[in-house]
Amino acid sequence: MEHLFGQEWEIIPAGGATGEAFYAQHEDQRLFLKRNSSPFLAVLSAEGIVPKLVWTKRMENGDVITAQQWLNGRELKPAEMNQMRVAKLLKKIHRSEPMLGMLGRLGKTPLQPHVYLEMIRSELDSEVLSLPEVQQSLSFLGAEVEQVRSDEKVVCHCDVNHNNWLLAENNQLYLIDWDGAMVADPAIDLGLLLYWYIPKEDWNQWLSLYGRPLTDDLKLRMKWYVVAQTVSSIQWYKNKNRLQEMQKWIDYLGDIE
């Protein structure tokens with residue numbers, strides 16, 4: 001990264017799992033740099049979903065470096081996820097034709113429930129498979145897999161955790177970290193957000209802000225994807241040897257209604 005800039009620039013690793021992100025700063029100029037971001041970033045920037053893309057450069061070794069505005073801001077708190085601006089931004093994402101078109105051009109095919117279920121089953125080891133909570137959940141997922149088919153396919157972020165919502169100093173809200181984006185049923189995003197952050201008695205109100213009714217069909221689809229992603233999370237935390245968090249998700253699995 002250093003040879004992209006003069007000596008006067010300070011380059012700082014931004015952390016994260018991949019080690020591919022950096023901050024660059026020189027006086028009042030500040031940029032967020034990432035190596036080999038998806039071309040999808042350009043559409044996200046144009047749609048105002050992520051901080052503005054400033055430039056893209058291809059390096060001699062084939063790496064592509066992107067630079068975005070580095071904004072002062074903060075993550076949303078869990079209690080703020082019930083706000084209208086969250087519902088409105090997610091609605092904008094799910095209805096964006098340019099974003100859907102770009103993921104299609106990048107070769108992303110719509111995720112189907114039966115394919116997703118087989119992916120999850122294939123990643124589970126014998127210890128996780130032996131857990132009663134997981135066995136019960138897999139029975140539910142298998143029994144309902146045909147009922148949760150949906151023709152509605154949109155761009156889904158797939159990790160709408162409050163940590164990924166950036167509120168900038170100018171009060172602009174962004175949704176960042178799009179590495180796991182898919183073309184899929186919007187129930188993936190809606191289910192996680194509602195189950196994790198919104199009391200059930202407020203689901204109708206939140207969804208009215210988003211712009212759709214809470215039907216029995218949507219309820220089933222949201223529950224199905226939340227159960228599926230929770231089972232997947234149990235294995236993920238086990239693989240990372242983060243056993244306390246793994247147990248938290250095992251306990252959570254028994255509480256999903």
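The values are calculated or read from the model by the stated rules, or taken from the named source; none is laboratory data. Owing to the predicted nature of the structure, the values given are computational and were not obtained by experimental measurement. Please note: Cβ atoms are built from the backbone with ideal geometry, for glycine as well, and neighbour counts cover all protein chains shown.
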Name, by its number, the condition in (1) touching a Gly at 6+ places or on another chain (Cβ under 9 Å); (2) part of a helix (DSSP H, G or I) that does not hold for Asp159.
(2)
If we scan segment 195-213, do we find a residue that is more than 29 Å from Phe40 (Cβ to Cβ) and either aliphatic (A, V, I, L, M) or crowded, with 17+ Cβ neighbours inside 10 Å (or both)?
yes
Hey, among the residues in segment 116-156 that are among the β-branched types (Val, Ile, Thr) and part of a loop (DSSP other than H, G, I, E, B), which one's surrounded by the fewest Cβ atoms within 10 Å (Cβ to Cβ)?
Val145
Note on Glu201: of the conditions (1) within 24 Å of Gly48 (Cβ to Cβ); (2) out of contact with any helix residue (DSSP H, G or I) (no Cβ under 7 Å at 6 or more places or on another chain), unmet is (1)
Being of a type in the set (Phe, Trp, Tyr), assigned to a strand (DSSP E or B) and touching a Leu at 6+ places or on another chain (Cβ under 9 Å), is that true of even one residue in segment 173-181?
yes
Here the qualifying pairs (Cβ atoms under 7 Å; residues six or more apart or on different chains; first in segment 53-69 and over 17 Å from Tyr23 (Cα atoms); second β-branched (Val, Ile, Thr) and surrounded by 13 or more Cβ atoms within 10 Å (Cβ to Cβ)) come out as Arg58/Val64; Met59/Ile65
Consider only pairs whose beta carbons are under 8 Å apart and that are at least six residues apart or on different chains; among these, list those whose first residue lies in segment 229-248 and is touching a residue at least 12 places away in the same chain (Cβ under 8 Å) and outside the structural domain of Cys158 (by TED's automatic domain parsing) and whose second residue is small (Gly, Ala, Ser) and not in a loop (DSSP other than H, G, I, E, B).
none
How do the pairs read when you match residues in segment 86-110 that are closer than 25 Å to Gln172 by Cα with residues anywhere that are assigned to a loop (DSSP other than H, G, I, E, B), using Cβ under 7 Å and keeping only pairs 6 or more apart or on different chains?
Lys91/Gly211; Ile93/Ile49; Ile93/His157; His94/Pro186; Ser96/Glu47; Pro98/Glu47; Met99/Glu47; Leu103/Ala181
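Can you name the strands (runs of 3 or more DSSP E) wholly within segment 1-115 that have at least 3 residues being among the hydrophobic types (A, V, I, L, M, F, W, C), modelled with pLDDT of 85 or more and surrounded by 12 or more Cβ atoms within 10 Å (Cβ to Cβ)?
Details: elements: 10-13, 21-26, 29-35, 53-58, 64-69, 73-75.
Filter on segment 1-115 gives 29-35, 64-69.
Looking at the structure I just gave you, is Ser139 assigned by TED's automatic domain parsing to the domain that holds Leu173 and within 27 Å of Gln247 (Cα to Cα)?
Working: assigned by TED's automatic domain parsing to the domain that holds Leu173: yes; within 27 Å of Gln247 (Cα to Cα): yes.
Taking the combined requirement at face value, the residue satisfies it.
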What are the pairs, 6+ residues apart or on separate chains, where a residue within segment 197-215 that is in the same structural domain as Lys91 (by TED's automatic domain parsing) has its Cβ under 7 Å from a residue that is surrounded by 17 or more Cβ atoms within 10 Å (Cβ to Cβ) and in a loop (DSSP other than H, G, I, E, B)?
Trp203/Leu214; Asn204/Leu214; Trp206/Ile198; Leu207/Leu214
